[in-house]
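Peer 1: The following block contains the structure, expressed as structure tokens.
The values are calculated or read from the model by the stated rules, or taken from the named source; none is laboratory data. These figures come from a predicted structure and were not determined experimentally. Methodologically, a virtual Cβ is constructed for each residue, glycine included, from the backbone with ideal geometry; neighbour enumeration extends over all protein chains shown. Surface areas here come from the heavy atoms of the whole protein model, side chains and all, with no ligands, DNA or RNA. Shrake-Rupley method; radii C 1.70, N 1.55, O 1.52, S 1.80 Å.
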Amino acid sequence: MAALLLLTGPQAGKRHEIDGEVTMGRSPSCTIALEDAKVSRKHVRIAMVKGEAKVADLGSRNGTLVNGEKIDGEVTLLPGDRLQVGDSTIVFEPSAKASLSDAETDGEVITSPVEELLPAVGPVAGLYNAGVALLSATNEAMVLRRAAEELARGVNADKGAALLGGTDGLLTAAVVGADTVEVPRGLVRGALERKEAGRVRGTLCAPLIASGGAPFGILYAERPEPFGDEEQKMIAALGRLSGEALAAVRARSAAGGNAREEGSRNVVIIGSSRQLKKTVDQARRAATSDEHVVISGEPGSGRGLLAEYLHSRSTRALGPFVVVDCFRPTSQVEEALFGRTSTPGVPPASSVILNADGGTLVLEHAEVLPRHVADRLARLIAKRVAPARHGGEEAVDVRVIATLPAPAQTLVTRGELDVELAKALAGIEIETVPLRDRSEDVDPLIAHFGEVAAKRRRKDPATLSPDAKRLLVAYQWPGNVAELKGVAERVALLYAGTEVSALKLPPEVQQGQVPTTERLTLAEMTRRLERDAINEALREARGKKIKAAALLGISRPTLDKKIDDYQLVVDKRRE
């Protein structure tokens with residue numbers, strides 16, 4: 001059954017199933033009563049009609065927002081859509097694939113409290129406790145420390161150690177029960193070269209190893225009394241558990257920095273232009289599908305943000321969102337895409353395709369992939385498999401989103417995109433709109449990024465003069481939203497809490513053109529300085545020409561002529 005999950009507000013954390021019709025408001029008679037002064041008594045209605053969720057505002061005072069836009073009339077909700085009702089943020093969840101049944105069970109139900117079933121003593125209990133400790137470790141150092149602690153506890157050793165490295169030397173060590181340990185080279189060689197767990201009287205050693213890989217370190221224990229068969233079995237099992245835990249931590253850190261895995265967040269796209277709304281609508285429709293997506297457009301035009309928006313609105317929103325920047329060195333990209341076997345001191349790394357199982361894999365700048373990498377990746381995507389850590393391949397459920405500078409077929413025609421990769425990615429195509437073609441979005445974007453930057457520094461946001469706003473809107477923004485964000489943040493930090501005139505904007509914005517390396521003539525520089533000085537004087541004089549002429553030391557008729565020559569617009573503002 002479809003449901004509403006309340007993320008914020010008076011009922012944050014609660015989940016309400018939509019059985020027919022649901023109403024929200026301050027009135028106790030509403031299905032979901034919200035004690036919120038911003039909410040009307042009967043604020044909004046959500047109803048299931050022929051399997052679709054329809055939302056309609058009930059004439060509320062402050063309105064209802066869906067994905068940041070105030071709705072007018074009835075709107076169909078898509079999986080992951082977010083409603084804003086007063087202070088409450090609500091996520092729409094579609095019908096679940098699993099459901100509860102009232103059917104009688106066949107046979108007697110035998111139950112026991114889970115805590116009573118878990119092992120409490122003996123070797124099995126030791127391995128269980130060690131597994132729990134290793135699973136909760138969040139970094140490699142923590143895995144090594146907990147492995148050493150659990151080993152010492154499990155085999156009753158005076159000293160325990162987890163060490164990374166090879167037979168030439170141990171690189172990283174976590175030691176308990178002593179400051180240092182000296183490990184017999186013969187035991188180390190047996191563990192690392194022959195994958196053996198060995199013991200010699202009061203010393204015990206086993207390899208750290210993950211599925212199908214080579215050992216990349218050892219576990220070591222020491223005590224006065226000799227170790228027996230049970231302790232040898234314990235250290236062998238613990239070496240495998242610790243190796244898997246280290247590999248898992250490496251996977252979560254996204255292949256050593258070659259990729260990044262991000263949690264689901266509320267992605268907001270700023271702007272109200274017709275072109276942007278069309279693009280966002282395409283992304284919302286794509287979110288309901290499971291096809292691969294190609295997002296093309298100029299650098300800085302929001303391709304990455306649109307990919308994240310699409311993921312956050314899809315049924316995969318709670319799954320991993322893994323991003324690979326294909327512009328990185330080829331060796332690093334290959335390691336991220338296809339994984340890495342273990343070497344001395346370095347645990348194996350999982351393929352990001354495997355890490356993205358159940359979620360979304362984003363390939364940024366996919367067009368730069370070398371042919372041998374692109375061909376292998378295309379085969380994996382087409383077969384929906386990933387390199388397995390233990391060797392071979394395993395099936396995965398991954399949606400791929402590729403960001404490209406132009407439509408895939410255009411790049412294939414130019415010879416800039418591998419044909420097989422283009423075939424594997426074939427599905428939905430969305431093209432972002434450059435900022436110069438949606439100038440009405442410049443003002444809200446400047447305000448948004450400026451406010452965020454000011455809030456981060458705990459300062460008041462800057463305000464823009466009318467001349468400054470006009471220049472920003474007229475500018476062509478060759479770097480698109482990315483360039484605008486940089487300008488907005490710079491202005492916000494340099495001029496916090498003050499009004500920003502046109503003269504305080506970057507030179508290329510003032511000049512209304514793309515930065516150039518060509519030198520200006522003396523006459524051109526003089527004209528620009530004169531124009532900027534007149535603009536600043538008019539701003540300071542609040543549009544009063546007599547006062548501006550006096551500030552400039554020229555006559556009123558001369559000022560009028562120069563205003564005409566430079567085609568300046570005079571804003572008259574009251575004191």
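Peer 1: So in the range 420-439, with the set limited to residues that are assigned to a loop (DSSP other than H, G, I, E, B) and not β-branched (Val, Ile, Thr), which one is farthest from Ile401 (Cα to Cα)?
Peer 2: Residue satisfying both the conditions and the ranking: Arg438.
Peer 1: Tally time: how many residues in the range 308-333 are open to solvent by 60 Å² or more (accessible area, probe 1.4 Å) and either under 17 Å from Val400 (Cα atoms) or among the hydrophobic types (A, V, I, L, M, F, W, C) (or both)?
Peer 2: Residues that pass the stated criteria total 3.
Peer 1: Identify, please: which residue in the range 192-206 is out of contact with any helix residue (DSSP H, G or I) (no Cβ under 6 Å at 6 or more places or on another chain) and free of Cβ contacts under 8 Å to residues at least 40 places away in the same chain and is, among those, most open to solvent (accessible area, probe 1.4 Å)?
Peer 2: The extreme case among them is Arg201.
Peer 1: Which one of these is under 42 Å from the mean Cα position of the chain (by Cα) and hydroxyl-bearing (Ser, Thr, Tyr): Thr203, Thr180?
Peer 2: Unique residue meeting the criteria: Thr180.
Peer 1: If I filter the range 80-132 down to residues being of a type in the set (Gly, Ala, Ser) and assigned to a helix (DSSP H, G or I), which single residue comes out as modelled with the lowest pLDDT?
Peer 2: Gly122
Peer 1: Does Ala356 fit the bill of being touching a helix residue (DSSP H, G or I) at 6+ places or on another chain (Cβ under 8 Å), more than 30 Å from Pro466 (Cα to Cα) and open to solvent by less than 70 Å² (accessible area, probe 1.4 Å)?
Peer 2: no
Peer 1: Also: Pull up the range 216-263, narrow it to residues that are buried (at least 24 other Cβ atoms within 10 Å of the Cβ) and outside any helix (DSSP H, G or I), then point me to the one that is modelled with the lowest pLDDT.
Peer 2: Ala259
Peer 1: Kindly list the number of the only condition in (1) outside any loop (DSSP other than H, G, I, E, B); (2) open to solvent by 60 Å² or more (accessible area, probe 1.4 Å) that fails for Met1.
Peer 2: Going through (1) outside any loop (DSSP other than H, G, I, E, B); (2) open to solvent by 60 Å² or more (accessible area, probe 1.4 Å) one by one, Met1 breaks only (1).
Peer 1: Can you pull out the residues in the range 217-228 that are touching a strand residue (DSSP E or B) at 6+ places or on another chain (Cβ under 6 Å) and not β-branched (Val, Ile, Thr)?
Peer 2: Across the range 217-228, the qualifying residues are Gly217, Leu219, Tyr220, Ala221, Glu222, Phe227.
Peer 1: Can you find a residue in the range 336-350 that is of a type in the set (Val, Ile, Thr), surrounded by fewer than 20 Cβ atoms within 10 Å (Cβ to Cβ) and at pLDDT 85 or above?
Peer 2: No, the conditions are met nowhere in the range 336-350.
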